[in-house]
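Report on one structure; see the data block that follows.
The values are calculated or read from the model by the stated rules, or taken from the named source; none is laboratory data. The shown structure was predicted, so the numbers you read here are calculated from the model rather than taken from an experiment. Don't worry about glycine lacking a Cβ; one is built from the backbone with ideal geometry, like all the others, and counts go over all protein chains shown. Calculation scope for accessible area: heavy atoms of the full protein, side chains included, ligands and nucleic acids excluded. Shrake-Rupley method; radii C 1.70, N 1.55, O 1.52, S 1.80 Å.
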Amino acid sequence: MRLRKTIKPTDRGAERQRANSSMFCRIIILMIVFGAVIFMGLLVRLFYLQVIQHDFYEEKAVSQQTRSTTVTADRGTIYDAKGNILAISATVQTLILSPLDVQEDNMDQDAIVNGLVEILGLDADKLRERLQKTNSAYEILRKNIEEDQADELREFIAKYHLSAGLYLVPDSKRYYPYSTMASQVIGFINADKAGAYGIEAKYEDELSGESGRVVIAKNAAGTEMLSRYANYVDAVDGDNLTLTIDATIQSYAEKILAEGIETYDIQNGGFCIVMNPNTGAVLAMASSPNYDLNDYSTLTDTELYTSLKSQLDSGTITEDEYWAQISSAQLEQWRDKNLGDTYEPGSTFKALVLAAALEEGVVDDNTMFYCPGYAVVAGTRINCSKHSGHGSQNLAQAVQNSCNPAFIAIGQKLGAEKFYDYMEKYGLMEKTGIDLPSETVGQLWSREDFTGDYGITSLATASFGQRLTVTPIRLITSIASVINGGYLLTPYVVQSVTDSDGNTVYNAEKQVVRQTVSSEVSSKVREILESVVSEGTGKNAYQAGYRIGGKTGTSETLVEGRYIVSFMGFAPADDPQVIVLLAYDNPKEVGSTNLTAGGYYISGGNMAAPMAGQLIAEILDYMGVEKEYTEDELASADVTVPNVVGCTEEAAAESLQSNGLSYRTVGSGATVTAQIPAKGATIPGNSEVILYMGEQAPTDEVEVPDLSGMTVNEVKEAFSSLGLYLRSTGTTDSPDVDIANNQDINAGSMVDRGTVIEVRFTNQVTDWDPG
């Protein structure tokens, strides 16, 4: 028999309670688990938003609540040696469009388009396209807006309540007041406002400064709320540069370069450097062609541009070919030939060979040379500049004559080893270290090349400056070392750097690289090179009152019929304050005559020397260097014409002669009734005054004749019949040979009788003279 357990009611209640409790616990656990899962998801999402995406949402919040504007630092100003501004930055405005804000604030797009078309001349269709970029809050519509237009824009923005979608940001624009002056030296800044060429590139870090920032709170409508939040980080303006370049001397150099290019029909431009030989400071550096710094992408060669445009329009060249040639022409005008081009220096190089030979004692004043018109070296005949030969000559005469056989002999006396040693001393295989970019190095044979028959020939041609190349800056720096007392210096163009508060950050000092020759040898070199101008191939560089030394050069090139004519000159010869290197590349020859269409003989002595002499005289006048006249020069110096009207002939003669003037009479009266020139006029000494005795002087104007190719005596005769007066410059010691090549009043001009016309004369050679 089975026994049945009896369950009391109280037990059933307890059981039900335990079941409910268990269910509740399970529910709680499930809720906790479910809550934890949800919380973990939220935690992960929160971590993602606040940590991983922190920067993104912070930037978005900041952009919604603030407006940040970059404050451009003012780029440093560039001054010339006298404080004239060569480059300066001024504040302009940049117009910014925010299509996003225009859409969100439902701004009047038609008003925006019409207003900006009227004020700035923007293209309406393109502007409407920009307005449709509603995901953009920053569209640059126009840069470099001047203040007058900026004021119009501010009024327009305020009138239509467009400040959230259209606003101005201050910026800077670079201005070059002198336009083309020293363009390759100064350089320019590119579209990113960074220096691209010249000083602007070399001193980018000093000039650029550091940009600032302005952050201002704005409300939902985009209105700025200055009272809530504003943060300003000041811009640090760039440093200012003061150059060694003197704007006046630079203008002289560029003018003389341009004048020679036109006069001698130069095909490939030229270059000119003016330097203080005692410090290495560059006073002027000109290169042709140049360009306008304010419009640097436009070609200076308008004929080339017109030709290329015509070829493009006609389909002769493709668009790619067109832009390739435009780019090549731009690079050509931006390049500074003084630093980036190398050339064979020709006879100007002989100054260095002369100094080396004197320093080594292998030649002196009494060393004699014989020139039959050529030299034979290792079986090779090398001609002299004078095909008929210079005959017997001492050292000074050999330099005056620029005699190649004599310098071949000097090179042989030095020997290959010593010759090469001095080429290294002069720094010819290294850069000068000038503080400008893109300096290159010329080419010279290696020491091993100066051995054997080839080496003998190499030494011979190198001795007169052929088959080796240098840059213009290298040549003038090296030559300066043999006329400044013997010191090779580092050239420079930046004299000082000052910060925006005027504190001097840097000031340049003379840097001596090494001594090349002794002071005694340097003195002898100056003496001999002065005789080149007073008696030799450089006589066309002569300027009354100034002692000029120098050396001519006519460099052959690897292109048949192409020459570079040059002159290196310095003054005063006994204490040089300035050294000049001037060259013209490729005078256009007519046929095989060695003449240009203007009748000028192609040589450094006939072309570069007279131009360089004029340039040196202008610079010395500007620098206030006192002139020292010889007796002959004093006799022809300008004098003031006295008043002799009313005087007898005897009294008039005495007055005129006491002033170094002669006279002739017209008429037979007892007293002077008129005179030409009138009293107070300034005319050259030894000129002839016309006295009218009992008659009136003619008052009609006369036509200035074309003096090209006329000798000194022929010009005097022509002027005498017209009542005109001659002020001669250049070479006039052979009045039946020296010919006019320039006049300061153009032929055909009508002038009063008594007018003084300045005419430059040169001594034209009758034999081919590459010196």
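Odds and ends about this structure:
- The residue list 722, 707 contains one member that is modelled with pLDDT under 95 and within 41 Å of the chain's Cα centre (by Cα), which is 707.
- Members of the stretch 438-479 that are open to solvent by 40 Å² or more (accessible area, probe 1.4 Å) and among the acidic types (Asp, Glu): 448, 449, 453
- Within the stretch 386-408, tally of residues that are surrounded by 21 or more Cβ atoms within 10 Å (Cβ to Cβ), touching a strand residue (DSSP E or B) at 6+ places or on another chain (Cβ under 8 Å) and either under 27 Å from residue 441 (Cβ atoms) or of a type in the set (Gly, Ala, Ser) (or both): 5
- Matching residues, the stretch 300-354, being farther than 20 Å from residue 553 by Cα and among the hydrophobic types (A, V, I, L, M, F, W, C): 304, 308, 312, 317, 323, 324, 326, 329, 331, 334
- Of residues in the stretch 233-280 being modelled with pLDDT under 95 and hydroxyl-bearing (Ser, Thr, Tyr), the one most open to solvent (accessible area, probe 1.4 Å): 263
- Some residue of the stretch 340-348 being surrounded by 20 or more Cβ atoms within 10 Å (Cβ to Cβ) and at positive phi: yes
- Residue check, residue 129 open to solvent by 20 Å² or more (accessible area, probe 1.4 Å) and touching a residue at least 24 places away in the same chain (Cβ under 8 Å): no
- Some residue of the stretch 340-351 being assigned to a helix (DSSP H, G or I) and within 22 Å of residue 202 (Cα to Cα): yes
- Filter result (of a type in the set (Gly, Ala, Ser), touching a residue at least 40 places away in the same chain (Cβ under 8 Å) and under 19 Å from residue 88 (Cα atoms)) within the stretch 470-504: 496, 500
- Candidate set from the stretch 564-595 (those that are open to solvent by 10 Å² or more (accessible area, probe 1.4 Å) and either small (Gly, Ala, Ser) or in contact (Cβ under 8 Å) with a residue 60 or more places away in the chain (or both)); member that is nearest to residue 269 (Cα to Cα): 585
- Failed condition for residue 422, given (1) modelled with pLDDT of 95 or more; (2) at positive phi; (3) touching a helix residue (DSSP H, G or I) at 6+ places or on another chain (Cβ under 9 Å): (2)
- If only residues of the stretch 159-179 that are surrounded by fewer than 18 Cβ atoms within 10 Å (Cβ to Cβ) and more than 20 Å from residue 140 (Cα to Cα) are counted, the one that is nearest to the chain's Cα centre (by Cα) is 179.
- Selection of first residues in the stretch 85-96 that are under 24 Å from residue 244 (Cα atoms) and of second residues that are acidic (Asp, Glu) and open to solvent by 20 Å² or more (accessible area, probe 1.4 Å), restricted to Cβ pairs under 6 Å at least 6 apart or on distinct chains, gives the following pairs, ordered by first then second residue: 89/74.
- Residues of the stretch 480-502 that turn out to be part of a helix (DSSP H, G or I) and surrounded by fewer than 23 Cβ atoms within 10 Å (Cβ to Cβ), as a count: 0
- Residue check for residue 193: at positive phi, open to solvent by 20 Å² or more (accessible area, probe 1.4 Å) and charged (D, E, K, R): yes
- Residues that are under 30 Å from residue 518 (Cβ atoms) and either open to solvent by 10 Å² or more (accessible area, probe 1.4 Å) or in a loop (DSSP other than H, G, I, E, B) (or both) occur at least once in the stretch 282-298.
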